[in-house]
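Student: Here it is: the structure, laid out below.
The values are calculated or read from the model by the stated rules, or taken from the named source; none is laboratory data. Source: prediction; values computed, not measured. Reconstructed Cβ throughout: ideal geometry from the backbone, glycine too, with neighbour counts over all protein chains shown. Areas reflect the complete protein model, heavy atoms only, side chains present, ligands, DNA and RNA absent. Shrake-Rupley method; radii C 1.70, N 1.55, O 1.52, S 1.80 Å.
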Amino acid sequence: NTKVLSIFSLKDRRLVLRNAYENEDAVDSYTQYKIADYDADGMEEVMFLLLNSSAKTAGAKAISLTEERVLQKGSVTLNGNVSSWAQVRLGTVFDNRPCVFLDGYIEKDQLITELIFWDKGTLSAPFSNLAEEEYPPTLRETPILSMDIDGDGTVEIPIPKILPGYENSLPEEKKHRADWYRYDGEKLTKVMSGILNARENYFFRLPWPLEDRVTIESHAANRTMVFYLYRPNRVGSTRLGDPFMRIGVFTQAEWKELAEFLNYEIITTKGDFVYAAEFLSAAQEAGMDLKTAKELFSFLPSTP
């Protein structure tokens, strides 16, 4: 939905309309906005985001407010193939500079992420300078949003990778791991990999020796996920390989009733839920035990 911008100031105890732009190409309408000191001049700017999916146009403009006028500081063109924005969030990129992260839908289950920040005296969107038919390197087939996955204050961008054993599966049956990247000013740099369980709100980081060896089966009905060391050319019930861990989610009441009959050990609890792991036949080969599982397990960060 497009919104209309009106700016007022308080003068002699009266509100005065101040849409007095320094140039005619300033902002009159917008879709969303974010406020930060983008250019590190000690004054906050307003970043207005514009999207017209029918016209296939998208862009951003930053303005600052002075006592006399509204000053446009910069503008960028964004990918016009985006139909809607799934998320608009403020974070930081290299040198701790403020950055707007835009997760946008290209199709129902296709997302791209665009970045907008101040660089070398101008507004920059490094993934927008592509030919019309191209997409940013952040294009992904699963709707995983950008987030601060490791809790260090910097937003990371997920790039899903199909897990071994699912390469030839139907699209709706494929399983993915998420590789997480940061933009360092020139390129995307990988930070970590792991399995994201959005339904149960957790992330399980994979140590790099296991990244390309692990695959999973998820069972939503009984709230479990089984982790395997992948063995190619297997068939039947062990087609994915040898299981090394099962993570289950229980209510406190379920855990109290069932714990003594299960081989699960508690990883952590949150609210009314118990997150527990059962270590299976290949646990030793995978180097997995309760201490390691606790170190690799984390909850997904809340949406700002």
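Student: Taking SER124 and the conditions (1) open to solvent by 40 Å² or more (accessible area, probe 1.4 Å); (2) among the hydroxyl-bearing types (Ser, Thr, Tyr); (3) over 15 Å from the mean Cα position of the chain (by Cα), which numbered condition does it fall short on, given that it satisfies the others?
Tutor: Tallying (1) open to solvent by 40 Å² or more (accessible area, probe 1.4 Å); (2) among the hydroxyl-bearing types (Ser, Thr, Tyr); (3) over 15 Å from the mean Cα position of the chain (by Cα), SER124 fails exactly one: (1).
Student: So is ARG239 more than 30 Å from CYS99 (Cβ to Cβ), of a type in the set (D, E, K, R) and more than 24 Å from the chain's Cα centre (by Cα) or not?
Tutor: yes
Student: Taking only segment 96-110 into account, find how many residues are farther than 13 Å from GLU45 by Cβ and either open to solvent by 10 Å² or more (accessible area, probe 1.4 Å) or among the aromatic types (Phe, Trp, Tyr) (or both).
Tutor: Qualifying residue count, segment 96-110: 8.
Student: Then there's this: Looking at segment 181-206 only, could you name the residues that are open to solvent by 60 Å² or more (accessible area, probe 1.4 Å) and under 13 Å from the mean Cα position of the chain (by Cα)?
Tutor: ARG182, ALA198
Student: Something else about it: Among the residues of segment 69-95, count how many are in a strand (DSSP E or B), open to solvent by 20 Å² or more (accessible area, probe 1.4 Å) and small (Gly, Ala, Ser).
Tutor: 3
Student: Something else now. Quick test for you: out of GLU200, GLU278, GLU217, pick the one residue that is at pLDDT 95 or above and part of a loop (DSSP other than H, G, I, E, B).
Tutor: Going through GLU200, GLU278, GLU217 in turn, the sole match is GLU200.
Student: ALA178 versus (1) within 11 Å of the chain's Cα centre (by Cα); (2) without any contact (Cβ under 8 Å) to a residue 40 or more places away in the chain; (3) not in a strand (DSSP E or B): which is the lone unmet condition?
Tutor: Of the numbered conditions (1) within 11 Å of the chain's Cα centre (by Cα); (2) without any contact (Cβ under 8 Å) to a residue 40 or more places away in the chain; (3) not in a strand (DSSP E or B), the odd one out for ALA178 is (3).
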